[in-house]
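> Submitted below is the structure of interest, expressed as structure tokens.
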Amino acid sequence: MFFPAALGALLLASCAADKPQDKPLKDTFADNFLIGAAVNVDLVNGADPKGDSIVSRHFNTIVAENCMKSEKVNPAEGVYVWDDADAFVKYGEERGMFIVGHTLVWHSQLAPWFAVDSLGAPVPPEVLKERMRNHITTMMTRYKGRVQGWDVVNEAILDDGTYRKSPFYEILGEEFIPFAFQCAMEADPDAELYINDYSMASPAKRDKYVEIVNDMRSKGIRVDAIGMQGHMGMDYPDFNEFENSIVAFGTTGAKVMITEWDMSALPTVNTGANVADTAAYAAALNPYPDGLPAEVSQEWNDRMKKAMDMFIRHSDIITRVNAWGTDDGMSWKNNWPVPGRSEYPLLFDRSYNLKPFLTEYTEK
Ligand code: 9MR
């Protein structure tokens, strides 16, 4: 009896000596904002135990990377496939996390039936409104009191500040945004409601969002936060412009959230996050298949620290900072905009170690 117990203690001690555990990020940034990650179905279903261990240890908020998108959860009219979304919510609940649903109204990964009739022609405005209301109400009612915040409208504005010509816009015009928020307010008055987009450092896009949010809030339509996705690279966005957007968004009275943070370490192919904008593979675009060289890693960490310091500077209005994934190995950036690259964009590396720039905060 004595021997195995002693051996166990010895092993534990030697593991601890090899790698002291980092202070949890949620404790490190407790006075600043919630900190979290997008999680995928594998992680919540137990197929990524190491991913689970970092999420459980470090994060106090999670968002659904894919399982709540309409094409997944509502693939045909009146048909809901709940298994993955239920598992996601249960996972967050069991860990006492602030759970964010993503996303109710989005042109991309839109269920194919949503905006067309049986012949594939656009539905009349009243039909689309009815479908939007049903979808929003069904989703939010199922998770009432369990999902605390929702990305209600995602990626509605282009970088030049004009409306994206999505089916929602083409059929309903500008009204689709306030209509979606009105439905969401009614479906769950206690949930926070967010409007979310990428390339938010663009001045034209910034101005348009300020105008849209001011307009809705002045009419009593709740928008609780503006989500700045925060998909970044080594040469974009301009942090001064990003910071100008944080400040401008704060003037609306809504909070600001960094909702999909990651930073590419690879050559920039495009600066947005539009899923459809892809490019062909070329070896020159994938320069570090076997790991980041030390100097590139240093440069990446320095830039991430600058971004984090900027978020901390504005933690009076930034209430949540959320990475778009857990470890580098699972990031969507490995396959976008160029398929098959080895990317290094997240807060944890492929071995689930915290990136060095974060230890500067955890070890303070
Ligand atoms: O990370 C997501 C990836 O796994 C999906 O294939 C893709 C399409 O659904 O969406 C990615 O997440 C996107 C998010 O939902 C909205 N903003 C841009 C994100 C990256 O494309």
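The values are calculated or read from the model by the stated rules, or taken from the named source; none is laboratory data. Since we're looking at a predicted model, the values are computed, not measured. Every residue, glycine as well, gets a Cβ built from its backbone with ideal geometry; the counts of neighbours run over all protein chains shown. Ligands, DNA and RNA are excluded from the accessible area calculation, which covers all protein heavy atoms including side chains. Shrake-Rupley method; radii C 1.70, N 1.55, O 1.52, S 1.80 Å.
> Summing +1 for each Lys or Arg and -1 for each Asp or Glu, what net charge is found among the other residues whose Cβ lies under 13 Å from the Cβ of GLY233?
In short, -2.
> Could I ask something else about it? Considering only protein heavy atoms, what per residue accessible area in square angstrom results for the chain with a 1.4 angstrom probe?
On a per-residue basis, the chain sits at 42 Å².
> Related question: Express in nm, to one decimal, how much length is gained between GLU170 and LYS305 on full extension, taking 0.36 nm for each residue of separation and deducting their alpha carbon distance.
44.5 nm
> Expressed as a whole percentage, what fraction of the accessible surface of region 114-251 belongs to carbon and sulfur atoms when a 1.4 Å probe is rolled over the protein heavy atoms?
51 percent
> Of all the accessible heavy-atom surface of region 259-364, with the other protein chains kept in place and a 1.4 Å probe, what percent is carbon and sulfur?
Carbon with sulfur: 51 percent of the solvent-accessible area.
> Would you work out the charge dipole size for region 266-360 about its Cα centre, treating the Cβ of every Lys and Arg as +1 and the Cβ of every Asp and Glu as -1, and quote it to the nearest 20 debye?
200 debye
> More than 15 Å apart: what percent of Cα pairs in region 251-323 qualify?
For region 251-323, the share of Cα pairs beyond 15 Å comes to 68 percent.
> Follow-up question, since we're still on this one. Among PRO293, HIS314, VAL338, flag the residue with its Cα farthest along the positive direction of the charge dipole of region 293-338, charges on Cβ as +1 for Lys/Arg and -1 for Asp/Glu.
HIS314
> With just the Cα atoms defining each centre, how far is region 127-157 from region 175-190? Give it in Å.
8 Å
> Once fully extended, how much extra length lies between GLU363 and ASP207, figured as 0.36 nm per residue of separation less the alpha-carbon to alpha-carbon distance?
This chain segment gains 52.3 nm when fully extended.
> What fraction of the Cα pairs in region 104-155, stated in percent, has a spacing above 19 angstrom?
Considering region 104-155, 33 percent of its Cα-Cα pairs are separated by more than 19 Å.
> Another question about this same structure. Give the average over all directions of the projected area of the C-alpha convex hull of the chain, one decimal, in nm².
For the chain, the mean projected area of the Cα convex hull comes to 20.4 nm².
> Just subtract the alpha-carbon distance of SER218 and TYR281 from 0.36 nm times their residue separation and send over the number in nm, one decimal.
Contour length minus the Cα-Cα distance gives 17.9 nm.
> Just to confirm my numbers, what's the Cα centroid distance between region 292-364 and region 37-76 in Å?
Between the Cα centre of region 292-364 and that of region 37-76, the gap is 18 Å.
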